[in-house]
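First comes the structure, then the notes that go with it.
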Amino acid sequence: MASQSPFFGKRDRDTDSLTSRPAPLVGGGTNLSGTPVNPSSLTTNAAASAAAAPVKEGGSKLTVGPNIKLKGVEITDCDTLVVEGIVEATMDSRVIQIAEQGSFKGSVAIDIAEIRGVFDGDLTAREKLVIHATGKVTGKIRYGKIVIEEGGQLSGEISVGTGGSSASNDSKPAPLQAAA
């Protein structure tokens, strides 16, 4: 024998209680401390707090979490890729962040690369490449600017410039084996 859930029909019973609630204050009132509240000051304060709040960065973000393996894909239309697991892919985007436990193998053309884990492959950081103390980058690396923390590792074919038409790109890439 089926029994009816106590939640069925609850909405019908609760609609009467909704109509019996007191109407919100329109002209003003008091806050919990008893101080009078002016509705126009509420909108002014809300606008001021919204202006003071930091602007959220728009765009899409993909996070490959720990113990996740993403293999054989092309990642497009992703503004930020956060790698906490293992990724084998190609990517052309804005930002890649590889966490300490993260690993990326493949080809990346990116504006900013921030490496705390392992990168192996073809990396073009158009603006900036940051290798943290726990980071290890190997392969064919091109960058606009570079920052390597003490302990960070960089090895492979490394060149300044990203293949654009700037004067710094006229130098030929020199093979380099380096560990900072």
Summing +1 per Lys or Arg and -1 per Asp or Glu among the other residues with Cβ less than 9 Å from Ala89's Cβ gives 0
For Lys136, Lys69, ascending order of other Cβ atoms within 10 Å (fewest first) is Lys69, Lys136
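Read-outs throughout are calculated quantities, based only on the coordinates presented, and are distinct from any laboratory measurement. In this text the structure is predicted, and so the values were computed from the model without any measurement. Cβ coordinates were reconstructed from backbone atoms using ideal geometry, including for glycine residues, and neighbour counts include every protein chain displayed.
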